1. So which residues in segment 37-67 are under 23 Å from P124 (Cβ atoms) and either touching a residue at least 24 places away in the same chain (Cβ under 8 Å) or aromatic (F, W, Y) (or both), if there are any at all?
2. Among what's in segment 10-26 and is more than 8 Å from ligand 2 (Cβ to nearest atom) and open to solvent by less than 20 Å² (accessible area, probe 1.4 Å), pick the residue that is nearest to L149 (Cα to Cα).
3. Out of the residues in segment 176-193 meeting the condition of being open to solvent by less than 40 Å² (accessible area, probe 1.4 Å) and touching a residue at least 60 places away in the same chain (Cβ under 8 Å), tell me which one is farthest from ligand 2 (Cβ to nearest atom).
4. Please find, within segment 172-211, the residue that is modelled with the highest pLDDT out of those that are of a type in the set (A, V, I, L, M) and in a helix (DSSP H, G or I).
Amino acid sequence: GSTTFVVAVDGPAGSGKSSVSKAAAAALGYAYLDSGACYRALAWSLLERGVDLEDPSAAIEAQKTFDLDIGTEPDDYFVRVGAIDVTEAIREPRVTNAVRHISKVPEVRAGLTALFRRIIRATPNPGIVVEGRDITTVVAADAPVRILLTASEEARMARRSKELTDQSAAVVGEQLRSRDQADSRVVDFMNAADGVLTLDSTELDFDQTVHAVVEIVHTQTARISHGR
Ligand code: CDP
Ligand code: CDP
């Protein structure tokens, strides 16, 4: 609803944004929005339609009929385009490599940002954790809690290559680096904007990171309810 408490989380690939945000949302009884999945789903639908990814006007055109349905309950996460469940398909390397072509198009970003804000407004939960690259600076720049989740490049690569057992660490590392480089040319998620709290998870395990996010939210909600 209109008073939904927004927790904005940004960070580079492999920082733990998605998994940590989802678990923190579950612990808080909040909804969860994976903005990156929406960028991925749009890229998936362009690949599916066989349109030229290098042509921004094709992406803008396709977005007009982009029929996305994303689950925002942390324990019922799914991504659908039309009637097709793409939850798994949007993680394929061909999609990961395609996203950068559309995420650099300003009109595409504006359209998805409007969609994210509609989803935030429509959530029935008392709060929502929204994660991505430009949530703390654009999508929900006025959120009462804004966190930049970081981790050393080494830690992020180790986490990613553990997930993708069929690829060598060197390949994963190179892909991660090149995607972060392309992405950070569009939005700066490597440095915390004014008022954004940096949470470095390099030395934290998964549970500790989730706990830290929940603590930050509790501290902030207590402060607000005391009018400070
Ligand atoms: O989980 P991972 O860090 O691999 O990426 P993601 O969050 O699923 O996002 C996939 C891609 O979508 C990123 O590489 C960005 O190009 C784009 N993205 C964006 O531009 N803005 C966002 N708020 C979220 C994702
Ligand atoms: O969404 P993003 O690319 O930022 O990261 P993710 O897909 O949520 O997390 C990548 C992996 O790192 C997951 O397997 C997490 O369980 C793991 N992780 C970790 O080992 N330690 C942390 N402190 C945070 C995440």
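The values are calculated or read from the model by the stated rules, or taken from the named source; none is laboratory data. Given the structure is predicted, the values throughout are model-derived calculations rather than measurements. When we count neighbours, we look across all protein chains shown, and the Cβ atoms used for this are built from the backbone with ideal geometry, even at glycine. Protein only, heavy atoms only, side chains kept; ligands, DNA and RNA dropped before computing areas. Shrake-Rupley method; radii C 1.70, N 1.55, O 1.52, S 1.80 Å.
1. Those that are under 23 Å from P124 (Cβ atoms) and either touching a residue at least 24 places away in the same chain (Cβ under 8 Å) or aromatic (F, W, Y) (or both): A37, C38, A41.
2. Only one residue fits best here, namely D10.
3. Checked segment 176-193; the qualifying residue farthest from ligand 2 (Cβ to nearest atom) is A182.
4. Within segment 172-211, the subset of a type in the set (A, V, I, L, M) is 172, 176, 182, 186-187, 190, 192-193, 196-197, 199, 204, 210.
Keeping just the survivors that are in a helix (DSSP H, G or I) gives 172, 176, 182, 186, 210.
Numbers: V172: 79, L176: 86, A182: 90, V186: 91, V210: 98.
The selected residue is V210.
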